[in-house]
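K.L.:
I am attaching a structure below and will ask some questions about it afterwards.
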Amino acid sequence: MGFRRMSTRCDPIGGLAHASEGSFMPRYLTPDQVIAMLPGLSRGQLAQLRYRGTGPTYRKPTPKTVLYRDTDVIEWVESTAMLDTR
């Protein structure tokens, strides 16, 4: 009877990856994926939110790469919930 090797599958852009101990790795989204997820938000608006520091938390692993964790985007949207029109 042999042992099956457990490995970590990593698809940082495409979806959650399962680590061998059962934990999840975050899903990273590009700006285009974020705007596809949020109706009414344009690429320019997302860039302005980044510039002003009022949008979802983002990562910049290289000078020209911007990534968002899906959970950060969802938390940011949820933080904008309104109870009335004032």
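K.L.:
I need a count of the residues in the stretch 17-73 that are modelled with pLDDT of 95 or more and in a strand (DSSP E or B).
P.N.:
So the count comes out to 12.
K.L.:
Turning to a different aspect of this structure: Could you please find all residues in the stretch 71-86 being in contact (Cβ under 8 Å) with a residue 24 or more places away in the chain and among the aliphatic types (A, V, I, L, M)? Let's see the steps before the verdict.
P.N.:
Keep residues of the stretch 71-86 that are in contact (Cβ under 8 Å) with a residue 24 or more places away in the chain, which gives 71, 73, 77.
The answer is V73, V77.
The values are calculated or read from the model by the stated rules, or taken from the named source; none is laboratory data. Here the structure is a predicted model, which is why all the values come from computation and not from measurement. Note that each Cβ is placed from the backbone with ideal geometry, even for glycine, and that neighbours are counted across all protein chains shown.
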